[in-house]
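What follows is a short report on a single structure.
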Amino acid sequence: MRFPRSLLSTGCEMALSFWSSAFRRDIHVVRRTITVAVFLLSACTPTTNTAPGACARPDLAFAGDVLLHQIIQSEAAARPTGFGPAFQGISRALSRARVSVVNLEGPTARNIGPNGRDMRDPGTIFDNRIYSGFPRFNYHPSIADVLRNAGVDVVQTANNHALDRGPLGVDRTLQVLAGAALQTTGTRRAIPQQSWHTVRSVGDIRVAFLACTYSTNGLPDLRHQALGCYGNSPSVPNLIRSLVQQGNIDAAVLLPHWGTEYSSRPTQRQRRLAQAAADAGAVAVVGAHPHVLQPIELITAREGRQVPVAYSLGNLISSQWTLERRTGTILYLDLGRDGAGRVVATSPRYVPTRVERFVGRGVAVFPAAELPQGAASLAHAQRILGPGMVNPDGCLSAP
Ligand SMILES: [Zn+2]
């Protein structure tokens, strides 16, 4: 059933104003109204600037940094639903894609203390020691099932916090994520050493995802467990070249953790790596780390393919509250073959997201279009990423 546009927008305005005013009332009203308002608002999002065909199921979805600061961890520890409510709002946007990818910015190393050794299980109490916030993160392992239930398939574990719990922390993190049926890329177990990439099938296309990091915050990588973006052992472009030459891989996507924190502009170093990755055969490059958005561009590989490059998708969730840091984006790409039979990534489009701290629910991320305060994040995302590809509601109201 389709509602007349005018009726729908009047209903939407009422829902928005009701929801906004509900926040000024008591907590019980807020809890009841959030459920109703989220349902109503999912039908209220604009569809007028959605390109034809944009509502087809995306092949790939990418989201930015899962950066669980202390407040998000303590809120999760204090409620039986744990981290769940923080991600519920974006689960439909992630689940729509055939494969969804996020960057987990820190270990989720069960019972590993700050010294990198096994400790007694603290249970669900957040002590900021075994599980901790900035500057050395470690997230309760319950985050793994929550990400999986939110629709995530692949987790990039190569980032500057990858070694925050040492070599054992890397191993334990990979074990925890595998236990939740999540695939990982960019870090590997100390023994036996695994490959850096992971492979998923999208239809008949087998895609290798390869993550790397510019740094491990000065912590020594004694057992060579985190793939460096800019090093030579091995070099990322060479790895991509060897992946796409393998008979059982059709395409490679590079996921670099790179760039300058809080800068909305990519550096020359980012641009050079993106071009080298494209020339080596990558079909897309999707970056993270700056905690703010950077542009999405199409670059041309040496042999003429167009390669989408998203320099930074910003934070998916954090407790950083400036507009630039609370605004992120989910990027959708499709995969197809060009006239020469080469795999290409097409139709880049994005769903701007926004993090809020709600009474009762705590810190949570939603598509910006679903939030009364989301207009500022939508405008910011369009300013940085460009208005041509915006898909504010992620077609969440489409069949
Ligand atoms: Zn980072």
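Would you be able to say whether some residue in the stretch 210-222 is within 16 Å of the ligand (Cβ to nearest atom), of a type in the set (V, I, T) and modelled with pLDDT of 95 or more? Walk me through it before giving the result.
Of the residues in the stretch 210-222, the ones within 16 Å of the ligand (Cβ to nearest atom) are 211-219, 221.
So of that shortlist, the ones also of a type in the set (V, I, T) come out as 213, 216.
Within this subset, residues satisfying the condition of being modelled with pLDDT of 95 or more are 213, 216.
Yes: the stretch 210-222 contains one or more residues that are within 16 Å of the ligand (Cβ to nearest atom), of a type in the set (V, I, T) and modelled with pLDDT of 95 or more.
Quickly run through the stretch 119-148 and pick out the residues that are touching a Gly at 6+ places or on another chain (Cβ under 7 Å), outside any loop (DSSP other than H, G, I, E, B) and within 21 Å of V101 (Cβ to Cβ). Even if it seems obvious, please write down each step before you answer.
The first filter runs over the stretch 119-148 and keeps only residues touching a Gly at 6+ places or on another chain (Cβ under 7 Å), leaving 119, 129-130, 137-139, 142, 144, 146.
Those still in the list that are outside any loop (DSSP other than H, G, I, E, B) too: 138, 142, 144, 146.
Correct list: S142, A144, V146.
Return yes or no: is R269 away from the ligand (no atom under 16 Å from the Cβ) and among the basic types (K, R)? Quick ask: steps written out before the conclusion?
Working: away from the ligand (no atom under 16 Å from the Cβ): no; among the basic types (K, R): yes.
No, not satisfied.
So which residues in the stretch 103-131 are within 16 Å of the ligand (Cβ to nearest atom) and surrounded by fewer than 22 Cβ atoms within 10 Å (Cβ to Cβ)? Steps first, answer last, please.
Of the stretch 103-131, the ones within 16 Å of the ligand (Cβ to nearest atom) are 103-108.
The answer is none; no residue qualifies.
Any residue at all in the stretch 170-184 that is at pLDDT 95 or above, within 20 Å of D65 (Cα to Cα), within 16 Å of the ligand (Cβ to nearest atom) and assigned to a helix (DSSP H, G or I)?
yes
Would you please list the contacts, defined by Cβ atoms under 6 Å and residues six or more apart or on different chains, that run from a residue in the stretch 205-225 that is crowded, with 21+ Cβ neighbours inside 10 Å to a residue that is among the basic types (K, R) and assigned to a loop (DSSP other than H, G, I, E, B)?
Pairs that qualify, where the first residue is crowded, with 21+ Cβ neighbours inside 10 Å and the partner is among the basic types (K, R) and assigned to a loop (DSSP other than H, G, I, E, B), are Q225/R188.
If S100 satisfies every condition in (1) in a strand (DSSP E or B); (2) within 16 Å of the ligand (Cβ to nearest atom) but one, which is the exception?
(2)
Suppose we filter A288, A301, A278 for residues that are in contact with a helix residue (DSSP H, G or I) (Cβ under 8 Å, 6 or more places away or on another chain) and at pLDDT 95 or above; which single one remains? I'd like the intermediate steps shown before the answer.
Values: A288 fails: in contact with a helix residue (DSSP H, G or I) (Cβ under 8 Å, 6 or more places away or on another chain); A278 fails: in contact with a helix residue (DSSP H, G or I) (Cβ under 8 Å, 6 or more places away or on another chain).
Answer to the check: A301.
Kindly provide the set of residues from the stretch 231-248 that are under 23 Å from I205 (Cβ atoms) and surrounded by 12 or more Cβ atoms within 10 Å (Cβ to Cβ), ordered by number. Can you show your working first?
If we filter the stretch 231-248 for residues that are under 23 Å from I205 (Cβ atoms), which is where we start, we get 236-248.
Once the filter is applied, which keeps residues that are under 23 Å from I205 (Cβ atoms) and surrounded by 12 or more Cβ atoms within 10 Å (Cβ to Cβ), the stretch 231-248 yields V236, P237, N238, L239, I240, R241, S242, L243, V244, Q246.
Return yes when D204 is more than 16 Å from the ligand (Cβ to nearest atom) and farther than 16 Å from H289 by Cβ and no when it is not.
yes
Any residue at all in the stretch 247-263 that's more than 16 Å from the ligand (Cβ to nearest atom), of a type in the set (G, A, S), at pLDDT below 95 and on the phi < 0 side of the Ramachandran plot?
Among the residues of the stretch 247-263, at least one is more than 16 Å from the ligand (Cβ to nearest atom), of a type in the set (G, A, S), at pLDDT below 95 and on the phi < 0 side of the Ramachandran plot, which makes the answer yes.
Scan the stretch 298-345 for residues that are among the hydroxyl-bearing types (S, T, Y) and touching a residue at least 40 places away in the same chain (Cβ under 8 Å) and jot them down. Break it down into steps so the answer makes sense when it comes.
So in the stretch 298-345, the residues among the hydroxyl-bearing types (S, T, Y) come out as 300, 311-312, 318-319, 322, 327, 329, 332.
The answer is Y311, S312, S318, S319, T327, T329, Y332.
Out of the stretch 319-342, which residues are surrounded by fewer than 24 Cβ atoms within 10 Å (Cβ to Cβ) and not in a strand (DSSP E or B)?
Residues satisfying the conditions are S319, Q320, W321, T322, L323, E324, R325, D338, G339, A340, G341, R342.
What are the residues in the stretch 282-295 that are within 21 Å of V207 (Cβ to Cβ) and either surrounded by fewer than 24 Cβ atoms within 10 Å (Cβ to Cβ) or within 16 Å of the ligand (Cβ to nearest atom) (or both), if any?
Filtering the stretch 282-295 for residues within 21 Å of V207 (Cβ to Cβ) gives 282-288.
Correct list: V286, G287, A288.
Which of the residues spanning the stretch 150-164 are in a loop (DSSP other than H, G, I, E, B), polar (S, T, N, Q) and within 11 Å of the ligand (Cβ to nearest atom)? Let's see the steps before the verdict.
So in the stretch 150-164, the residues in a loop (DSSP other than H, G, I, E, B) come out as 150-153, 157-164.
Add one more test, that the residue is polar (S, T, N, Q), and what stays is 157, 159-160.
Hits for the stretch 150-164 are N159, N160.
Within the stretch 188-228, can you find the residues that are in a loop (DSSP other than H, G, I, E, B), among the hydrophobic types (A, V, I, L, M, F, W, C) and more than 20 Å from L104 (Cα to Cα)?
I191, L222
Report whether or not G228 is loosely packed, with under 12 Cβ neighbours inside 10 Å and either within 16 Å of the ligand (Cβ to nearest atom) or free of Cβ contacts under 8 Å to residues at least 24 places away in the same chain (or both). Reasoning before the result, please.
Details: loosely packed, with under 12 Cβ neighbours inside 10 Å: no; either within 16 Å of the ligand (Cβ to nearest atom) or free of Cβ contacts under 8 Å to residues at least 24 places away in the same chain (or both): yes.
Judged against the criteria, G228 is not a match.
The values are calculated or read from the model by the stated rules, or taken from the named source; none is laboratory data. Bear in mind that the values here come from a model prediction, so they are computed numbers and not experimental data. Quick reminder, even Gly has a Cβ in these numbers, built from the backbone with ideal geometry, and neighbours come from all protein chains shown.
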